[in-house]
Amino acid sequence: MNSCPTCGLAYPVDFTLCPRDGAKLVEVGVWSEGSIVRGKYRILSKVGQGGMGSVYKALHLRFGEIRALKVIGHELAIDATFVKRFEHEAVITRKLQHPNAVRVDDIDEAEDGRPFIVMEFIDGTSLKKLIQSESPLPVARVCSIIKQAASALDAAHHLGMVHRDIKPDNIMLVETSEGERAKILDFGIAKVKEARLCGETSNTTLTGTGVVAGTPQYMSPEQAAGKRGEELDGRSDIYSLGIVMYQMLTGEPPFKADTTMQMLLAHMQTPPTPIQTLCPDLHIPEAIANVVMRCLAKDRDLRPASAKALIEELELASSGLMRPGEALFDQSAWATAPTSGPTELSNTRHSGSLAQPREPLPASSIRWGVWTLTAIAVAVLVIGGWYFGRGRSGTPAEHLPTAPPQAAGSPASQTVTPAQPKPEEKMGESQIDLTLPQSALSGEQESLRSAVPAANRSLSKPAATASIALAVRSNSIEIEKQVKGAVTEGDFHYENGEYDQAIKSYREGLKFDRANAELRKRIQRAQKGKATEGAVKQ
C-alpha cells in the first residue's frame with residue numbers, strides 16, 4: 001500500500017497522490033537501495049511490481065552472488081490463506097530444477113514479518129519486448145525458443161505442475177556462451193498434484209477461490225470455460241504456448257477482442273485464422289504452421305499430447321523430415337489429431353494435414369504422385385507374379401520353359417499391362433492391399449512372367465520380398481495420409497457444426513481403412529451432435 005507523508009493516511013498501490021492534500025504518496029515497507037535484509041542480502045534495486053508484491057535485485061553478502069527477492073505486500077501478509085499459498089509457491093517451484101525454468105533457492109521471512117522467496121536473478125530481455133520490437137521473428141529462432149520453453153514445461157508437467165499463465169511476459173531470454181536461452185518465470189500460480197509429489201492427498205490449491213489464474217489473451221479454452229485444479233492438465237499450457245508461437249511468427253495474436261468476455265468466448269468458439277492465410281508473404285513453412293495450429297485446437301485431445309511431443313513435432317517440421325501437411329501422428333491415442341481450420345474448405349482431398357486444410361496441390365504434383373503409385377503397383381504385380389509362380393512350380397524362373405508361339409491376336413500373346421488410373425482418380429479399395437494371394441495370380445502367371453525383364457528374373461527371393469515389402473509400406477503410408485486427410489476435413493466441419501459434411505468426410509476415410517475404429521467413433525460423435533442440434537431446433 002501507499003501512504004501519505006503529510007496526513008499519514010494509507011491508500012491502494014494504484015494511488016500516486018493523496019486525494020486529501022495532493023502530496024506524493026510513498027510505498028509502505030519499500031526496501032530502499034543499500035538496506036540489508038535478514039543480515040544476508042543487500043538490496044541493489046527494485047526491478048518489478050506485481051499484484052502480489054515486489055521483486056528486488058539483491059546481493060548475497062556471503063556468496064557474492066546476485067539474487068532476486070520476491071516479497072509480498074503488507075496488505076496480503078496479514079492474510080493467512082494467501083501466505084500459505086505463497087509458501088506453497090516456494091516449496092513447489094523448488095522441486096523444479098531445469099535450465100529453462102527460474103530456480104528457487106530459499107524462502108525466508110523479513111524483519112517486518114513478510115515472507116519472501118530467494119530466486120535466481122535473470123538478467124535478460126522479456127519475450128514480450130522482443131515481439132514488440134522485432135516481430136515477426138525468424139522461424140528458426142521461434143522454434144528454438146519454443147522448444148526450450150516446452151522442455152521446461154515438460155519437466156514441470158512430470159512433477160504435476162501446470163503453469164496456467166504462459167505468456168511472453170513470463171518468458172525471459174538470456175544470452176549465454178551456448179547462445180540464446182529461454183527461461184520461464186512464475187510457476188507460482190500452478191496447481192500441484194500433491195498425491196504425486198509427497199504421497200498425500202490434499203485439496204489445497206495454489207489459486208484460491210476468487211483469484212483469477214492466467215491472462216485472458218493467452219488462456220486455454222478450458223480455463224476460459226472455468227475449469228480449474230484437477231480439471232486442467234499440461235495441454236492447457238501447450239495451447240497458451242501455441243498462442244505465443246503464433247504471435248512470434250506473425251506479430252499478431254490469433255484473437256482480438258474489446259472485452260475480457262469476448263476474448264474468453266473467442267478462445268472457446270472462434271477458429272483462429274490459419275497462419276499462411278494471415279501472412280502469406282512471410283512464407284512460413286507449412287509444416288511449422290500446422291504444428292502451431294494444432295496447439296490451438298479447441299479440444300485439448302486434438303493438441304500435441306505433451307510438451308515433449310510438441311518438441312518432437314517441431315524438430316521434424318524444422319528439419320524437413322516432416323513434409324508439408326503432415327504432423328507427428330499417434331494412432332494409438334489420436335492425441336495428435338487435427339484442429340480447426342479456416343472458414344472454407346477446398347474440395348481437394350487433404351494429404352494428412354493435422355492442423356488445417358491444405359491448399360490444392362499443383363497439377364504437376366498430382367500427376368507425379370499418381371504415376372509414382374501406378375509404377376509401384378505395376379512393379380509389385382510383376383515381381384509378385386514371378387515370385388509366387390516360382391513357389392508353385394519349384395523351378396527357378398530363369399529355367400522356366402518358353403511358352404509356345406501363339407497365333408497373332410490370341411490372349412496369351414498379349415502383354416498384360418495393369419490399368420493406369422487417371423490423374424484425377426483417387427486410390428480405391430482394390431489398390432489398398434498389393435500383396436495379392438496366390439490364387440488371384442494363378443490365371444495370369446504366364447502373362448506376368450512374359451512381362452518380367454530378364455534382369456528381374458535373376459532377383460533372389462530376399463530381394464523380391466524386400467521389394468514387395470517396400471511397396472506395401474509405401475502404400476500403407478499413402479493410406480494413412482488419406483485417412484488423416486479425412487480426419488482433418490471431418491474435424492473442421494464438426495468444429496463448425498456442419499455435422500452432415502463431417503460424417504461424409506469421415507466416411508471417405510473409411511473407404512481406405514474400413515477397420516479404423518477412431519473414424520467410426522468420430523462418425524458416431526457427429527451423428528450425436530446432429531441429433532442434439534435437431535432436438536434443440538424442435
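The values are calculated or read from the model by the stated rules, or taken from the named source; none is laboratory data. Since the model is a prediction, treat every value here as computed from it, not as a measurement. Reconstructed Cβ throughout: ideal geometry from the backbone, glycine too, with neighbour counts over all protein chains shown.
When Val102, Val118, Val91 are screened for being more than 30 Å from Glu312 (Cβ to Cβ) and crowded, with 17+ Cβ neighbours inside 10 Å, only Val118 passes. Evaluate the following for Leu76: is it surrounded by fewer than 20 Cβ atoms within 10 Å (Cβ to Cβ), in contact (Cβ under 8 Å) with a residue 24 or more places away in the chain, outside any helix (DSSP H, G or I) and on the phi < 0 side of the Ramachandran plot? No: the conditions fail for Leu76. Each residue in region 253-273 was checked for being surrounded by fewer than 23 Cβ atoms within 10 Å (Cβ to Cβ) and assigned to a helix (DSSP H, G or I), and 9 of them qualify.
Confirm whether Val37 is in contact (Cβ under 8 Å) with a residue 40 or more places away in the chain, surrounded by 15 or more Cβ atoms within 10 Å (Cβ to Cβ), farther than 24 Å from Ala152 by Cβ and not basic (Lys, Arg). So Val37 fits the description; yes. Filter region 480-513 down to residues that are buried (at least 19 other Cβ atoms within 10 Å of the Cβ) and hydrophobic (A, V, I, L, M, F, W, C) and give me whichever is modelled with the lowest pLDDT. Looking at the filtered set, the residue picked out is Phe492.
From the list Gly29, Gly53, Gly8, the one residue that fits, being among the small types (Gly, Ala, Ser), modelled with pLDDT under 85 and more than 18 Å from Asp112 (Cα to Cα), is Gly8. Each residue in region 277-318 was checked for being over 16 Å from the mean Cα position of the chain (by Cα) and more than 15 Å from Pro138 (Cα to Cα), and 2 of them qualify. Taken over region 220-252, the residue count meeting the criterion of being closer than 19 Å to Asn290 by Cβ and part of a loop (DSSP other than H, G, I, E, B) is 1.
Evaluation of Leu459 against the conditions (1) modelled with pLDDT under 85; (2) within 20 Å of Met293 (Cβ to Cβ); (3) surrounded by 17 or more Cβ atoms within 10 Å (Cβ to Cβ) shows that the sole unmet condition is (2).
To keep it simple, each residue is scored yes or no on (1) among the polar types (S, T, N, Q); (2) at pLDDT below 70; (3) assigned to a helix (DSSP H, G or I).
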{"position": "Ala289", "(1), (2), (3)": "no, no, yes"}
{"position": "Lys298", "(1), (2), (3)": "no, no, no"}
{"position": "Ala305", "(1), (2), (3)": "no, no, no"}
{"position": "Leu310", "(1), (2), (3)": "no, no, yes"}
{"position": "Glu313", "(1), (2), (3)": "no, no, yes"}
{"position": "Ser318", "(1), (2), (3)": "yes, no, yes"}
{"position": "Leu321", "(1), (2), (3)": "no, yes, no"}
{"position": "Glu326", "(1), (2), (3)": "no, yes, no"}
{"position": "Ala335", "(1), (2), (3)": "no, yes, no"}
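For Leu59, state whether it is loosely packed, with under 15 Cβ neighbours inside 10 Å and of a type in the set (A, V, I, L, M). When the stated conditions are applied, Leu59 does not pass them.
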